[in-house]
Structure formats: structure tokens, C-alpha cells
1. Sort through 157, 185, 178 and tell me the only one that's assigned to a helix (DSSP H, G or I) and either in contact with an Asp or Glu (Cβ under 8 Å, 6 or more places away or on another chain) or surrounded by 18 or more Cβ atoms within 10 Å (Cβ to Cβ) (or both).
2. Filter the range 119-132 down to residues that are in a loop (DSSP other than H, G, I, E, B) and in contact with a strand residue (DSSP E or B) (Cβ under 9 Å, 6 or more places away or on another chain) and give me whichever is surrounded by the fewest Cβ atoms within 10 Å (Cβ to Cβ).
3. Is there a residue in the range 238-256 that is over 21 Å from residue 196 (Cα atoms), in contact with a Ser or Thr (Cβ under 6 Å, 6 or more places away or on another chain) and either touching a residue at least 12 places away in the same chain (Cβ under 8 Å) or open to solvent by 40 Å² or more (accessible area, probe 1.4 Å) (or both)?
4. Find the residue count for the range 252-278, including only residues that are under 19 Å from residue 216 (Cβ atoms) and touching a helix residue (DSSP H, G or I) at 6+ places or on another chain (Cβ under 7 Å).
5. Could you list, in sequence order, the residues of the range 17-69 that are part of a strand (DSSP E or B) and among the polar types (S, T, N, Q)?
6. Read through the list (1) assigned to a loop (DSSP other than H, G, I, E, B); (2) open to solvent by 70 Å² or more (accessible area, probe 1.4 Å); (3) over 20 Å from residue 192 (Cα atoms); (4) modelled with pLDDT under 80, then give the number of the only condition that residue 280 fails.
7. In this structure, does residue 191 turn out to be touching a residue at least 60 places away in the same chain (Cβ under 8 Å) and more than 30 Å from residue 113 (Cβ to Cβ)?
Amino acid sequence: MASIEIFISEPIEHASERATLARVVAFLSAQGIPAVILANVYFGGRQIDLVIGLDHGALVVESKGFNSAVRGTENGTWHVRLASGQSKEIPNLYAQTLGEKNALRDAMTAFAGAAVPYPDAALVFVPAIPPGSTVPSGDFKVSVGGLDALPGLITSAATRSWSLDQWRGFAAHHRLIAVSSLDAAMSPELLDAERLLSAYGDAFTRNYGPTASAMIPVRCVRNGETVSSEAVGERIVEDGNALLMGASGCGKSLLSYKAALIALGHGDVPIVIPAKDFEGNLRDVANREATLLDARLTLALPKKAGASRY
């Protein structure tokens, strides 16, 4: 599957923006197109629904969901028909999208320290332009269409923009939040859980990494077969459980730390629990361990770990 990295300023709330992001990710994944996606971000005082950063291409997307007809041109105020039959004024969506395109380009120029090409831009109605609408057909500045137009807009995005590494640097410069999935981009609770687990993983590595790195590789015996301690660590992660036996001081604790760090790299949530501290309640001793690593984690960690193994 292509590498698709998603960065956000804050979780996405509106259904039209969520649907657009989901369609973009599905298309990019199916076509094997790597991308850096910036969702629900702010540049130059403007909120931008979506920026699709491709390898030497870019597309700004403004998503709108209307159930009734919309009227407007490139100039002036737009109107949407209400259920009562009356019309309500709304901002000029063409101008709004164009403004977002220009704001992104200004931010890119400031970051690069030199002029950069304009990104492509699209006003996307979700799921489609409402029947009876009168809106611009689009031009070289802003394309206009429904969700079904997105694949073509992505593949035709100008091939004169940044590399993916530049997009990653841009996201980092603006302190955007990297998320691991679509769900995390849309859920404050899941995003909070991811950040908590990431903080725990960092604390775990800081605490046990130096000790584990001091371990000298040794030979172990597994089912009568001699294997390396590194292989034992990997096998513990694959099997999910293991019993380490050996004389005092032979390196059992160090090997358990190594295995825990390997598990952390596989997305698991390791917690070291000395047997002497266990008093009959696993959650209590796990919470104590989390507190020792980082007081902010405490009772929240086992809840946030969710489906992760720990």
C-alpha cells in the first residue's frame, strides 16, 4: 500500500470534510499513490479543509455539503435555497476556495524562502452538486464538481510543486499533528489516546532503552535448539508470551526489556511489572508502573490502550 501520511490541526468535525478525506485516502490507496495530506488546517488566518500534497503536485480542496440548490458565480454573494423555499445568503464559495489556494501558496513561499508555484484548487460538493444549482463550471484557478470528480482532480494536479519530504517539513514547521488513521483524524478521543500512548512509548524507551542496550548478546535454548537472545526477543513478540528461565544474573530482565522494546516497535503497549510488586490486582500494578514513567499517564493508560496488547 502507498504511504499516505495525514496531518491535522484539530480533528475533523463536518460530515462533508470527513467524506472528502475518506474518498481521497481510498483513491490514493487503490492507485498506490503516496501523499502527505493536511486536513482541517489554518494558514494566513484561513481554515483549509484539505491539502493533498503529492510528489511534485498539490491540490487544495474546499468541501461543502448542501441538500438544496445553490446559486452563485465567480463574483458576488451566493445563495442556497431553504426548505421553506426562501433563499439564504452564503459566502462566495468560488472566492473562498481561491482565497484558500492563495493563502496556502503564501505559507509555502514563506516556508521555502522563495516563490513557489500555485497549487491546484477545487470546490467539491458532497456528495454532488445539488440538483437545480447554478454554479461556475470551474476554470484554471478553481475546479468545481462533486466527489466523483476527485480522482481526476488528483491525477491531474500540477506536476511542478514540492517533493513529499518538503511537504513533511512544511507540516512539521507548522506543528501539525500526525495521525495514524482516518479514524484518529476524525475523533478527538482516539487522537487523545494516540498521543497518550505515544508519550508512554517515549517514556518507556527513555527508561528501559539504555539498560536494554547494555545487554551483551547471549545464546539461549528454546525447545532444545540454541538460538540468539535477539531471536528470543522477536519470538516473544510473535508468540505473545514466554517464560524466561535461568540462573540469577544471566540476563533475564535485560532480555525482557529488549523484548518489550521490540513489542513497542510493533505497536504493542509493553508494561514491565516486577513480580514482587504484584498484589493480586493487575490494573493497580500497571497503573503504578505507568505513573513511575510519567505521572500524566496514570489510570488513563489501560483505558487508552484499548485493543493494543499490554
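1. From the options 157, 185, 178, the qualifying one is 185.
2. 132
3. Looking for residues that are over 21 Å from residue 196 (Cα atoms), in contact with a Ser or Thr (Cβ under 6 Å, 6 or more places away or on another chain) and either touching a residue at least 12 places away in the same chain (Cβ under 8 Å) or open to solvent by 40 Å² or more (accessible area, probe 1.4 Å) (or both), one finds at least one in the range 238-256, hence yes.
4. Residues meeting the conditions: 8.
5. Matches in the range 17-69: 40, 47, 63.
6. (2)
7. Spelling it out, residue 191 is indeed touching a residue at least 60 places away in the same chain (Cβ under 8 Å) and more than 30 Å from residue 113 (Cβ to Cβ).
Residues are listed down the side, and each one gets a yes or a no for (1) at pLDDT 95 or above; (2) more than 18 Å from residue 54 (Cα to Cα):
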{"residue": "98", "(1), (2)": "yes, yes"}
{"residue": "104", "(1), (2)": "yes, no"}
{"residue": "110", "(1), (2)": "yes, yes"}
{"residue": "124", "(1), (2)": "yes, yes"}
{"residue": "138", "(1), (2)": "yes, yes"}
{"residue": "145", "(1), (2)": "yes, yes"}
{"residue": "154", "(1), (2)": "yes, no"}
{"residue": "159", "(1), (2)": "no, no"}
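The values are calculated or read from the model by the stated rules, or taken from the named source; none is laboratory data. This structure is a prediction, so every number in the text was calculated from the model and none was measured. Note: ideal-geometry Cβ built from the backbone for every residue, glycine included; neighbour counts use all protein chains shown. For accessibility, only protein heavy atoms count, side chains too; no ligands or nucleic acids. Shrake-Rupley method; radii C 1.70, N 1.55, O 1.52, S 1.80 Å.
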